[in-house]
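The structure appears right after this line, and notes come after that.
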Amino acid sequence: MNFEHVAGKERGKITLYALSTCIWCKRTRELLTALGVSFDYIYVDLLKGEDRTKAIEQVKHYNPSTSFPTLVIGDKSIVGFREKEIREAIG
Amino acid sequence: MNENFSEPNDSEVDELYARLDREAKQGGYFLNPDVEFVKGLVRGLLINERRYGYRACPCRLAADDKQQDLDIICPCYYRDADLSEFGACYCALYVSAAVLKGEKEPSCIPERRQPFMGRAAKPGSSGASPDAAPVKLSVPVWRCLVCGYLCGRERPPEVCPICKAGRERFERFI
């Protein structure tokens, strides 16, 4: 599975599971970029076969409803574009 | 899944946007007044139409199987409940009158759709069993699973006159 890496300030491991067509996912990615933190993201809808199954399993682990965006910050997960929560979690 | 499709261009996005706006108004629904936001979603709908063959919700992961995704073809089966409870559908493509007037802000809302394992074959289905009909009807009553439109006729309409959902998204209600 190839995550796209965005370079920035180190705030621990930040992973964004997103859909390429989803506007809330786009807003989440833009917020992380604006905050200037280092993070990895992946568009699950563009994955195929084993990569897709694996990514879905990972999302399910943090968010049983497998909805997007699912943002994982350390061991905390934030489902949906929740700006206030995201800002607080990143600090 | 078709991966070799051309990206929708601006005029295709504008065309579908205009159509959805017109159809929403005709049916008593409203698109989000943030036009650029809506056009982003419309682009996603066009991409999904080319990718899967149907306009799957751009904010949900489609299964690439129309039967499994019938509930999340836009407008989805969850739109009306989300509009009533949160003032917007899951994507915020459709909004309530209060949001339209600026009395309320649309925001990110929880997913109402059940994960696949817990989902009924027809989510949102509340139709009575045809055997349980209290009176003998001359024709069955069909219910649109997207907007709740009811009609009495031999077969459901090809297209819902209110929300434009296809025939396959009707259930027998009585």
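What about A:Tyr62, is it open to solvent by 30 Å² or more (accessible area, probe 1.4 Å), more than 10 Å from chain B (Cβ to nearest Cβ), touching a strand residue (DSSP E or B) at 6+ places or on another chain (Cβ under 9 Å) and farther than 27 Å from B:Glu36 by Cα? In short, yes. Evaluate the following for A:Ser77: is it closer than 26 Å to B:Leu45 by Cα, of a type in the set (Gly, Ala, Ser) and outside any helix (DSSP H, G or I)? Answer is no for this residue.
Residues that are within 10 Å of chain A (Cβ to nearest Cβ) and under 12 Å from the mean Cα position of the chain (by Cα): does the range B:42-50 have at least one?
Yes - at least one qualifying residue is present in the range B:42-50.
Can you confirm whether A:Thr28 is within 13 Å of chain B (Cβ to nearest Cβ), crowded, with 18+ Cβ neighbours inside 10 Å and not in a loop (DSSP other than H, G, I, E, B)? Taking the combined requirement at face value, the residue satisfies it. Being open to solvent by 20 Å² or more (accessible area, probe 1.4 Å), within 11 Å of chain A (Cβ to nearest Cβ), outside any loop (DSSP other than H, G, I, E, B) and in contact with a Phe, Trp or Tyr (Cβ under 6 Å, 6 or more places away or on another chain), is that true of even one residue in the range B:53-72? No, the conditions are met nowhere in the range B:53-72.
Looking across A:Tyr17, A:Tyr41, one residue alone is in a strand (DSSP E or B), touching a residue at least 12 places away in the same chain (Cβ under 8 Å) and within 24 Å of B:Arg112 (Cβ to Cβ). It is A:Tyr17.
The values are calculated or read from the model by the stated rules, or taken from the named source; none is laboratory data. Treat the numbers as computed from the prediction; the structure is a model and nothing was measured. Backbone-built Cβ (ideal geometry, glycine too); neighbour counts: all protein chains shown. Please note that ligands, DNA and RNA were not included when accessible areas were found on the heavy atoms of the full protein model with its side chains. Shrake-Rupley method; radii C 1.70, N 1.55, O 1.52, S 1.80 Å.
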